[in-house]
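Note sheet for the following structure.
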Amino acid sequence: MYITTRSVTGDTLVACGDCGYAVSMNKICKMPLQSATDMLKHMAAHKASRALAARERVTPELAAVRSLASKWVSA
């Protein structure tokens, strides 16, 4: 998910492969716990957005199944 790149100025960046969000290796070395927390939050946000996107695609099908089920139960 993360890709390591070097900038022209010589700084090494760890960038997200999906959106391009980048963290400097200097920041990671100076504040490792904070940087790790930020990276985990970023990955969690990607996973949550994918989960919600998948749920939205499935929802219309579930609505159709629920309406059919309610017709069977009431009959």
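The values are calculated or read from the model by the stated rules, or taken from the named source; none is laboratory data. Bear in mind that the values here come from a model prediction, so they are computed numbers and not experimental data. Positions of Cβ are generated from backbone atoms using ideal geometry, with glycine treated the same way; all protein chains shown enter the neighbour counts.
Structural remarks
- Every pair of residues 6+ apart whose Cβ atoms lie under 6 Å, when the first sits in segment 3-32 and is more than 21 Å from residue 48 (Cα to Cα) while the second is charged (D, E, K, R): 12/6; 24/11
- Enumeration of residues in segment 2-24 that are at negative phi, outside any strand (DSSP E or B) and exposed (fewer than 15 other Cβ atoms within 10 Å of the Cβ): 7, 8, 9, 11, 17, 18, 19
- The single residue among 59, 37 that is part of a helix (DSSP H, G or I) and at pLDDT below 60 turns out to be 59.
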